[in-house]
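Comments concern the structure below.
The values are calculated or read from the model by the stated rules, or taken from the named source; none is laboratory data. These numbers come from a predicted model, not from an experiment. Backbone-built Cβ (ideal geometry, glycine too); neighbour counts: all protein chains shown. Surface areas here come from the heavy atoms of the whole protein model, side chains and all, with no ligands, DNA or RNA. Shrake-Rupley method; radii C 1.70, N 1.55, O 1.52, S 1.80 Å.
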Amino acid sequence: MKNELYIQNSLTRKKELFKPITEGFIGMYVCGPTVYNDVHIGNCRTFVSFDIIYRYLKYIGYQVRYVRNITDVGHLTDEGEDKMSKGARLAKLEPMEVAQKYTVGFHDMMRIFNTQAPNIEPRATGHIIEQIEMVQQILDNGLAYEANGSVYFDTIKFAQQQDVYGKLSGRKIDDLMSESRDDLKNQSEKNHPSDFAIWMKASDEHILRWNSPWSVGFPGWHLECSAMSTKYLGKTFDIHGGGNDLKFPHHENEVAQNHGACGCHPANYWIHTNMLEMNGRKMSKSDGNTITPAQLFSGNSPHISKAYSPMVVKFFMLQAHYGSTLDITDKGLQDAEKGYRKLMEANALLQKMESSNGAATELDKEINATINKAFQQMSDDFNTPMALARLFELVAKINGIGAGHISGDEITSDTLQRMKDTFQSFITDIFGLLNDSTADSTNNGNGVTDGLMELIIDLRQNARVTKDWGTSDKIRDSLNELKIQLKDGKDGTTWSKN
RNA sequence: GGAGACGUGCCCGAGUGGUCCAAGGGAACAGUUUGCAAAACUGUAAAGCCGCCGGUUCAAAUCCGGCCGUCUCCUCCA
């Protein structure tokens with residue numbers, strides 16, 4: 001079952017056969033959030049994507065060390081103010097209070113999406129010493145210079161020494177040389193506009209500050225990832241991931257820093273996830289084309305007609321490849337909700353099926369081939385939409401057996417068991433999809449509601465037996481207005497919340 | 001202006017030289033079920049050639065060039 005794994009490597013822009021540095025082990029670093037405000041739904045997609053990657057790597061047998069940082073210092077706004085400090089100033093809080101608040105919020109959201117925690121989640125402020133050491137190394141190697149208490153990475157020298165700078169983001173050095181924003185803080189201290197700060201001297205009003213050989217100051221934005229990935233995964237590790245928008249300058253500068261400090265490349269494979277859009281346009285707070293996870297879950301937004309559960313949103317994300325842009329639309333979410341329920345219900349049906357010890361028919365072969373294909377496609381750059389498509393092909397078979405259109409005698413007990421394992425593996429272990437309690441009454445843990453619903457359904461059933469359609473329809477319609485849907489089936493009535 | 005990605009049925013979204021007259025989901029339509037609905041299940045049909053134009057090839061949605069459009073990045077961003 002273990003297929004060879006292929007990964008689209010941003011570094012080479014090619015799909016490559018994955019070979020770990022140490023057989024059986026993988027080191028993976030993913031750039032985490034800057035915790036200065038509530039987590040954005042786009043962030044959620046990125047981290048859900050990497051969670052699937054992490055889970056799948058483990059599933060195919062690797063021991064993975066997954067490191068995802070929390071950036072709580074160094075990330076400056078356009079005005080040159082530290083994002084943490086700005087958040088603190090506005091809310092009259094300590095910077096660390098701001099960091100803590102949004103870190104907790106971020107963790108809560110990751111839990112809501114049922115992602116697994118990384119093995120190590122280092123914070124930039126917890127690694128100031130490592131960052132200072134790295135600045136020193138880069139200085140020692142002659143690839144940085146000090147100016148007025150700040151230290152800048154010498155991009156020109158680096159570019160002249162080795163043909164690395166610009167490779168990851170596809171930038172041409174000449175272009176970099178000629179263009180740069182002119183409103184950057186401390187621009188005048190730099191030898192060249194494309195140079196970037198790895199240590200910055202703190203102004204008097206700057207709260208986040210540490211002692212260093214050069215000044216009382218703070219580390220540059222890109223440095224924490226270089227320092228922390230090196231510390232926990234080594235100078236060169238297997239996979240580095242992050243959102244597409246981090247390619248430049250963040251990742252490009254990270255690569256430069258690692259080369260500058262250690263003389264080697266940080267990661268063999270770079271994975272970049274693509275952006276989430278809404279209604280065909282980039283999400284933007286300023287023009288209102290934005291939606292928060294909370295709004296998605298509550299339905300409280302002009303962009304959507306109803307609430308969507310976190311698992312529906314996650315399923316929606318899985319229907320697209322991580323490397324493609326994904327457009328959030330109300331209709332898209334509605335479709336995803338139906339697909340998600342169909343998958344989960346088919347799985348519930350499958351897990352209850354009894355083996356009938358059938359023969360190895362054509363159908364049996366087909367099912368096994370489809371299962372093989374699902375894993376093979378998942379191993380082809382984590383192609384979740386393809387794997388999902390194969391699962392849905394199996395759903396048709398499962399429902400066919402359930403409805404009696406297909407005889408259980410057509411598949412062997414081994415194949416049935418394999419199908420059960422495959423669904424369980426994909427849904428639970430790889431995709432991390434949970435049974436959505438709000439969408440499924442059978443999993444609703446609320447005893448009072450369950451009891452009340454049982455009573456109401458019972459009363460309505462009585463009315464139906466006496467053909468009192470007025471009463472039974474009134475119950476049905478009233479519940480509908482409360483967004484509770486009754487489902488009359490052969491074996492009685494169930495309900496679900498919409 | 002520069003760099004990158006993309007443009008596939010009614011919608012979403014796979015497919016990156018032949019097995020594609022193009023996966024899967026949703027919608028549509030029909031059937032089963034139902035007191036009627038809804039839900040569920042089953043089945044069917046649906047892209048006149050995969051943005052447009054041209055080229056390479058025995059063979060292209062898939063490679064190359066041009067054009068049009070969308071998105072991302074160019075030191076705020078997952």
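Out of all the residues in the range A:9-36, which are touching a residue at least 40 places away in the same chain (Cβ under 8 Å), in contact with a Leu (Cβ under 8 Å, 6 or more places away or on another chain) and of a type outside the set (Phe, Trp, Tyr)?
Answer for the range A:9-36, where residues must be touching a residue at least 40 places away in the same chain (Cβ under 8 Å), in contact with a Leu (Cβ under 8 Å, 6 or more places away or on another chain) and of a type outside the set (Phe, Trp, Tyr): A:Ser10, A:Leu11, A:Ile26, A:Gly27, A:Met28, A:Cys31.
Quick one: how many residues across the range A:157-207 are modelled with pLDDT under 60 and assigned to a loop (DSSP other than H, G, I, E, B)?
Selection size over the range A:157-207: 8.
In the range A:264-281, what residues are within 9 Å of RNA strand B (Cβ to nearest atom) and either crowded, with 17+ Cβ neighbours inside 10 Å or under 17 Å from the mean Cα position of the chain (by Cα) (or both)?
Of everything in the range A:264-281, those that are within 9 Å of RNA strand B (Cβ to nearest atom) and either crowded, with 17+ Cβ neighbours inside 10 Å or under 17 Å from the mean Cα position of the chain (by Cα) (or both) turn out to be A:His272, A:Thr273, A:Asn274, A:Met275, A:Leu276, A:Glu277.
More than 24 Å from A:Ile239 (Cα to Cα), open to solvent by 20 Å² or more (accessible area, probe 1.4 Å) and in contact with a strand residue (DSSP E or B) (Cβ under 8 Å, 6 or more places away or on another chain): is that true of A:Leu143 in this structure?
No: the conditions fail for A:Leu143.
Failed condition for A:Asn357, given (1) near RNA strand B (Cβ under 7 Å from one of its atoms); (2) open to solvent by 10 Å² or more (accessible area, probe 1.4 Å), with all others met?
In the conditions (1) near RNA strand B (Cβ under 7 Å from one of its atoms); (2) open to solvent by 10 Å² or more (accessible area, probe 1.4 Å), A:Asn357 misses (1) alone.
Give the range A:1-22 a look and list any residue that's open to solvent by 80 Å² or more (accessible area, probe 1.4 Å), more than 26 Å from A:Ser226 (Cβ to Cβ) and not hydroxyl-bearing (Ser, Thr, Tyr), or say none.
A:Met1, A:Lys2, A:Glu4, A:Lys15
For residues that are near RNA strand B (Cβ under 10 Å from one of its atoms), under 30 Å from A:Phe18 (Cβ atoms) and β-branched (Val, Ile, Thr), tally how many sit in the range A:287-320.
Of the residues in the range A:287-320, 0 are near RNA strand B (Cβ under 10 Å from one of its atoms), under 30 Å from A:Phe18 (Cβ atoms) and β-branched (Val, Ile, Thr).
Cβ-Cβ distance below 7 Å, separation of 6 or more or different chains: which pairs start in the range A:396-409 with a residue that is under 10 Å from A:Leu349 (Cα atoms) and end on one that is near RNA strand B (Cβ under 7 Å from one of its atoms)?
Short answer, once both residue conditions are applied: A:Ile398/A:Ala346; A:Asn399/A:Ala346.
Taking A:Thr329, is it open to solvent by less than 10 Å² (accessible area, probe 1.4 Å), among the polar types (S, T, N, Q) and within 9 Å of RNA strand B (Cβ to nearest atom)?
no
Quick one: which residue in A:Leu246, A:Leu208 is among the aliphatic types (A, V, I, L, M) and under 24 Å from A:Phe158 (Cα atoms)?
Sole residue among the options that is among the aliphatic types (A, V, I, L, M) and under 24 Å from A:Phe158 (Cα atoms): A:Leu246.
Yes or no: A:Ser478 more than 24 Å from A:Glu337 (Cα to Cα), modelled with pLDDT of 80 or more and either open to solvent by less than 50 Å² (accessible area, probe 1.4 Å) or not in a strand (DSSP E or B) (or both)?
When the stated conditions are applied, A:Ser478 does not pass them.
Step by step: first the residues of the range A:116-138, then only those that are open to solvent by less than 40 Å² (accessible area, probe 1.4 Å) and more than 30 Å from the chain's Cα centre (by Cα), then the one that is nearest to A:Asn69 (Cα to Cα). Which residue is that?
Step by step, filter the range A:116-138, then rank; the result is A:Ile132.
I'd like the full set of residues that are over 11 Å from the mean Cα position of the chain (by Cα) and part of a strand (DSSP E or B), limited to the range A:14-59.
A:Lys14, A:Lys15, A:Glu16, A:Leu17, A:Thr22, A:Phe25, A:Ile26, A:Gly27, A:Met28, A:Tyr29, A:Thr34
Could you identify the single residue in A:Ser324, A:Ser284 that is within 6 Å of RNA strand B (Cβ to nearest atom) and among the small types (Gly, Ala, Ser)?
Going through A:Ser324, A:Ser284 in turn, just one is within 6 Å of RNA strand B (Cβ to nearest atom) and among the small types (Gly, Ala, Ser): A:Ser324.
Please go through the range A:481-496 and give me each residue that is surrounded by 13 or more Cβ atoms within 10 Å (Cβ to Cβ) and either under 17 Å from A:Tyr308 (Cα atoms) or in contact (Cβ under 8 Å) with a residue 24 or more places away in the chain (or both), ordered by number.
Listed by number, the residues that qualify are A:Ile484, A:Gln485, A:Leu486, A:Thr493, A:Thr494, A:Trp495, A:Ser496.
Where in the range A:383-467 are there helices (runs of 4 or more DSSP H), lying wholly inside it, with at least 1 residues that are within 19 Å of A:Thr370 (Cβ to Cβ), among the basic types (Lys, Arg) and modelled with pLDDT of 90 or more?
The qualifying helices (runs of 4 or more DSSP H) are A:384-402, A:413-424.
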